[in-house]
1. Please state which of the following conditions residue A:69 fails to meet, knowing it meets all the rest: (1) of a type outside the set (D, E, K, R); (2) part of a strand (DSSP E or B); (3) within 16 Å of DNA strand C (Cβ to nearest atom).
2. Determine, yes or no, whether residue A:74 is closer than 26 Å to residue B:95 by Cα, part of a helix (DSSP H, G or I), away from DNA strand C (no atom under 13 Å from the Cβ) and modelled with pLDDT of 95 or more.
3. Out of all the residues in the range B:29-41, which are at pLDDT 85 or above and either closer than 20 Å to residue B:54 by Cβ or touching a strand residue (DSSP E or B) at 6+ places or on another chain (Cβ under 6 Å) (or both)?
4. Scanning for something in contact with a helix residue (DSSP H, G or I) (Cβ under 7 Å, 6 or more places away or on another chain), more than 17 Å from residue B:101 (Cα to Cα), away from every other protein chain (no Cβ under 14 Å) and aliphatic (A, V, I, L, M), does the range B:125-133 turn up at least one residue?
5. Search the range A:229-246 for residues being within 17 Å of residue A:304 (Cβ to Cβ) and within 20 Å of the chain's Cα centre (by Cα), and hand back the single one that is nearest to the other protein chains (Cβ to nearest Cβ).
6. I'd like to verify a number: residues in the range A:6-28 that are modelled with pLDDT under 90 and part of a loop (DSSP other than H, G, I, E, B), how many?
7. Taking the residues in the range A:53-65 that are among the hydroxyl-bearing types (Ser, Thr, Tyr) and either more than 8 Å from DNA strand C (Cβ to nearest atom) or not in a helix (DSSP H, G or I) (or both) as candidates, determine which candidate is farthest from residue A:92 (Cα to Cα).
8. Can you name the strands (runs of 3 or more DSSP E) wholly within the range A:265-346 that have at least 1 residues being buried (at least 24 other Cβ atoms within 10 Å of the Cβ)?
There are 2 protein chains.
Amino acid sequence: MRQRARLEDVAARAGVSPSTASVALSGAGRVAAATRARVQAAAAELGYSPDPVAASLRSGRSGVVGAVVGERLLYAFRDPVAVQLLDGLTEELSRLDVGLLLLAGDAMRSGPSPAQLSRLPLDAAVFATCGLEDDPAFTLLQARGVPLVAVEGPVAAGVPLIAIDDERGSAELARHLQRLGHARVVVVTLPMRLDGRRGPVDAERLARGVYRDARRRLVGLRSVLPGAPAVEAAGNSVEEGEAAARLVLDVPAADRPTALVAQSDVLAAGALRAAADLGLQVPGDLSVAGFDGADLPWLAPVRLTTVVQPTAAKGRAAGHAVAELLAGRTPADVELPVELRPGTTTGPVPPG
Amino acid sequence: MRQRARLEDVAARAGVSPSTASVALSGAGRVAAATRARVQAAAAELGYSPDPVAASLRSGRSGVVGAVVGERLLYAFRDPVAVQLLDGLTEELSRLDVGLLLLAGDAMRSGPSPAQLSRLPLDAAVFATCGLEDDPAFTLLQARGVPLVAVEGPVAAGVPLIAIDDERGSAELARHLQRLGHARVVVVTLPMRLDGRRGPVDAERLARGVYRDARRRLVGLRSVLPGAPAVEAAGNSVEEGEAAARLVLDVPAADRPTALVAQSDVLAAGALRAAADLGLQVPGDLSVAGFDGADLPWLAPVRLTTVVQPTAAKGRAAGHAVAELLAGRTPADVELPVELRPGTTTGPVPPG
DNA sequence: AGTGAGTGCCGAATCGATTCGGCACCAGGC
DNA sequence: GCCTGGTGCCGAATCGATTCGGCACTCACT
């Protein structure tokens, strides 16, 4: 006895040919009402449900869209921005009745395995939280001919890029600090490369940076505050933000900056902790700002000064781009606006 | 000109038949070394990569495993336990070279859409963060004949259940409080049903609860502290924990319990906030405990008293069960041990 | 030289649903 | 009675890779 009923079985039971059964069930064609009813009854009796793989082979659509997150889930989803992005993405994808498949790394590797990448049926893939130029996964999927969408990178011809106005946002934040009188501003950056390095960012390091948003945010800030030093965090986490901030703050008071700009809110939260540990008042002794406008309820009652990006909208825009690609159109790049949101963590430069 | 190269094209270019080309590329058979080299060269020149859908049709395997999370991602991934569970699951799945597809709800519905569920190619599915008895997604997937694994539920014949010893853990926690002298203990429970209700849990509500873990944790606690009242949170979030705890704590001091047991660490974090807001010292005026042993770094320096469950191991166990199912075996149920971890949030019952 | 094993490759079937061209049948019109 | 138009259904091809049975050819051994 065969395990699952096939269309052929349904057709036999209803006394029609498979082709007629198919038309009757899909409802897309010229079938007598009585026949259709017979086929439907037969399908119900046999508990028939069509094999999605066979349907995919014919239609060329699997209903699966990949989301590449360049880390293991444990770390990727610690970042509220990533979560919100995926939420917006799924919102848009769910109206296409398409599923989201996570292409993540694991403890061993920082990205999906090549075996996975070539085995899986994918109608499209979104580079969600990597922005990494020259990603092996990117190369592989492109070679496979999978339509791609990039969020914050990588940049490639024929791949729609969904991004925010990083430079402008950072510049606005810098002007905000400038107006408050800050001249000694240090940046705590997101990782420039995957090598887990923590420490000062020199020109060479910046030039070899592979993360588009990290580079652009620094460039934007320096367009207003030229030469502002930068320290790189080894990852995007509270702990890393704290460690990197400590490198900057744990020095004689005379050498200490009056403001710290973190390239993400999560890093900024770490910087706040470092400041508290070192007995620095915020914003009395030190101003701290972030980037993202992430949802960090546990920071309350502190309201972090930050640059708000429309993260969910970014996810939806990526989903829309996928829809366009699947419809055979070529979506345009999208650059979403950002907005400075002053909070309680920045204030006038301390006297003396 | 055809878009992507097919095996037939490669074969033609190498001057062999498609069947030989297939064998040559898969490396599984009797092919002359020279022929194999020719085929591989042809494949490389054409940039050939096999169509996963066609391979799936033949092999009956798509390489996709679904993870049902009964909420939209934004909420599901706010829960560090869910994230850690999925991390453990992917770790195990990645060695099967299998991808994880998220079957999530969206703003409209609390679960994946039926269209998605019947369209997607799935080798298996894991009910990851629902534990919901009588889930429509469960029924649908079972009807499709998709092998299933349940984490904390639903319970069904032929579906391996991966769970922890909820009752025992809650009982141990109750004894811990009992030893500290607490008699007036109130429980803040996880949702019993999906209806978003917040408030006291009576016998009927408990009986009609659809979440196995919530029920069992309450039963376990009451096995030691019979009749301990329970208040239900409308969701598993810090905000909900705070709201539910406030219902219990914002009463005359004489009516106030001396200890609050939350059914998750996230809820407990909310309870801590409510206590702080009401000016209650923890553990001086009130002891607070959680469940899960979740990673909540922002709680520091407070160390929450909690029952630690091996969440990542639970995910790996679910992944292992999937592997067994795919191998044609029938995995056994798994019940993992839990351990009480006393922290700084529980102490002796206050005098008076 | 003839028989045996053994190697290298091909043809055809298979996986299961979908779709298009076309056949047969019936009703209506002249 | 013949032709036209239309409806209802079927057969066969298609999507692309995989696999098994089998054919032809080579080499070694008697």
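The values are calculated or read from the model by the stated rules, or taken from the named source; none is laboratory data. Since the structure is predicted, the reported quantities are computational estimates derived from the model, not experimental observations. Here Cβ is always computed from backbone atoms with ideal geometry, including for glycine, and neighbour counts include all displayed protein chains.
1. Unmet for residue A:69, out of (1) of a type outside the set (D, E, K, R); (2) part of a strand (DSSP E or B); (3) within 16 Å of DNA strand C (Cβ to nearest atom): (3).
2. No, not satisfied.
3. Residues satisfying the conditions are B:39, B:40.
4. no
5. By that ranking, first place goes to A:238.
6. Matching residues across the range A:6-28 total 2.
7. A:56
8. Fully inside the range A:265-346 and qualifying: A:287-289, A:306-308.
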